[in-house]
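Q: Please see the structure below; I have some questions.
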Amino acid sequence: MSFRNSLFPAQSRYFKGQRWVNIALRTLHLLGVAGLGAGFLYAGVDQSWRLYLQLTMLSGTGLILISIWNDGVWLVQLRGQAILLKMLLLGIIPLWPELRQPLFIGIILISGLISHAPANVRYYSLYHRRRIESL
């Protein structure tokens, strides 16, 4: 099997228990994001937000890996690119902690817009200049 066929299978793949793994990762992700919100949006909070940042990044990475394994087309769709952008922005925060509040607000705005956008937006490929669901 070639790398292309492995990354972009003819049909999306799933593994037994994937739904529960996704639920667990999303729940941990929500906990991480809530902790970041408390650490980033309220003055006087100590550096404990760093633990929540790690939880958010690790759970998000797990969700990303599952999405890519299911079907790599996710990487060229706007929904995948928006999540990769959010990971980049989160990764910038430890380097410039003074920007954590505006970066966090931007991440939340990206999340809300992309996750609730119509399918024609979420499945749009900037590379192909159209909606794509498979390669």
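The values are calculated or read from the model by the stated rules, or taken from the named source; none is laboratory data. Note that the structure is predicted; figures quoted are calculated from it, not measured. Reconstructed Cβ throughout: ideal geometry from the backbone, glycine too, with neighbour counts over all protein chains shown.
Q: Got a number for residues in region 1-60 being outside any helix (DSSP H, G or I), touching an Asp or Glu at 6+ places or on another chain (Cβ under 9 Å) and not hydroxyl-bearing (Ser, Thr, Tyr)? If you could, list the steps in order and put the result at the bottom.
A: Narrowing region 1-60 to residues outside any helix (DSSP H, G or I): 1-2, 8-17, 42-48.
Among the residues that remain, those that are also touching an Asp or Glu at 6+ places or on another chain (Cβ under 9 Å) are: 8-9, 11-13.
After this cut, where a residue has to be not hydroxyl-bearing (Ser, Thr, Tyr) as well, the list is 8-9, 11, 13.
Result for region 1-60: 4.
Q: What's the number of the condition Leu63 fails, among (1) of a type in the set (A, V, I, L, M); (2) closer than 23 Å to Val21 by Cβ; (3) free of Cβ contacts under 8 Å to residues at least 12 places away in the same chain?
A: Among (1) of a type in the set (A, V, I, L, M); (2) closer than 23 Å to Val21 by Cβ; (3) free of Cβ contacts under 8 Å to residues at least 12 places away in the same chain, the lone unmet condition for Leu63 is (3).
Q: Turning to a different aspect of this structure: In the list Ser125, Ser111, which residue meets the criterion of being small (Gly, Ala, Ser) and surrounded by 16 or more Cβ atoms within 10 Å (Cβ to Cβ)? Please lay out each step first, then the result.
A: Numbers: Ser111 fails: surrounded by 16 or more Cβ atoms within 10 Å (Cβ to Cβ).
Being small (Gly, Ala, Ser) and surrounded by 16 or more Cβ atoms within 10 Å (Cβ to Cβ) holds for just one of Ser125, Ser111, which is Ser125.
Q: Can you find a residue that is within 20 Å of Ala24 (Cα to Cα) and assigned to a helix (DSSP H, G or I) anywhere in region 95-113?
A: Taking region 95-113 and keeping what is within 20 Å of Ala24 (Cα to Cα), we get 111.
Among the residues that remain, those that are also assigned to a helix (DSSP H, G or I) are: 111.
Taking every residue of region 95-113 in turn, at least one turns out to be within 20 Å of Ala24 (Cα to Cα) and assigned to a helix (DSSP H, G or I).
Q: If a residue has to be part of a helix (DSSP H, G or I) and charged (D, E, K, R) to count, how many in region 69-92 make the cut? Give the steps one after another, and end with the answer.
A: Filtering region 69-92 down to residues part of a helix (DSSP H, G or I) leaves 69-70, 72-76, 78-92.
Subsequent filtering for residues that are charged (D, E, K, R) retains 79, 86.
So the count comes out to 2.
Q: Name the one entry in Leu53, Leu78, Leu41 that is at pLDDT below 95, surrounded by 15 or more Cβ atoms within 10 Å (Cβ to Cβ) and on the phi < 0 side of the Ramachandran plot.
A: Working: Leu78 fails: at pLDDT below 95; Leu41 fails: surrounded by 15 or more Cβ atoms within 10 Å (Cβ to Cβ).
After applying the criteria, what remains is Leu53.
Q: Restricting attention to region 56-75, which residues are surrounded by fewer than 18 Cβ atoms within 10 Å (Cβ to Cβ) and touching a His at 6+ places or on another chain (Cβ under 8 Å)?
A: Hit for region 56-75 is Leu63, nothing else.
Q: Given the conditions (1) in contact (Cβ under 8 Å) with a residue 60 or more places away in the chain; (2) closer than 17 Å to Gly39 by Cβ, and given that Leu90 satisfies all but one, which numbered condition is not satisfied?
A: (1)
Q: Quick test of your reading of the structure: Leu88 fulfils all but one of (1) farther than 30 Å from Phe3 by Cβ; (2) hydrophobic (A, V, I, L, M, F, W, C); (3) out of contact with any Leu (no Cβ under 9 Å at 6 or more places or on another chain). Name the failing condition by number.
A: If we test Leu88 against (1) farther than 30 Å from Phe3 by Cβ; (2) hydrophobic (A, V, I, L, M, F, W, C); (3) out of contact with any Leu (no Cβ under 9 Å at 6 or more places or on another chain), just (1) comes out false.
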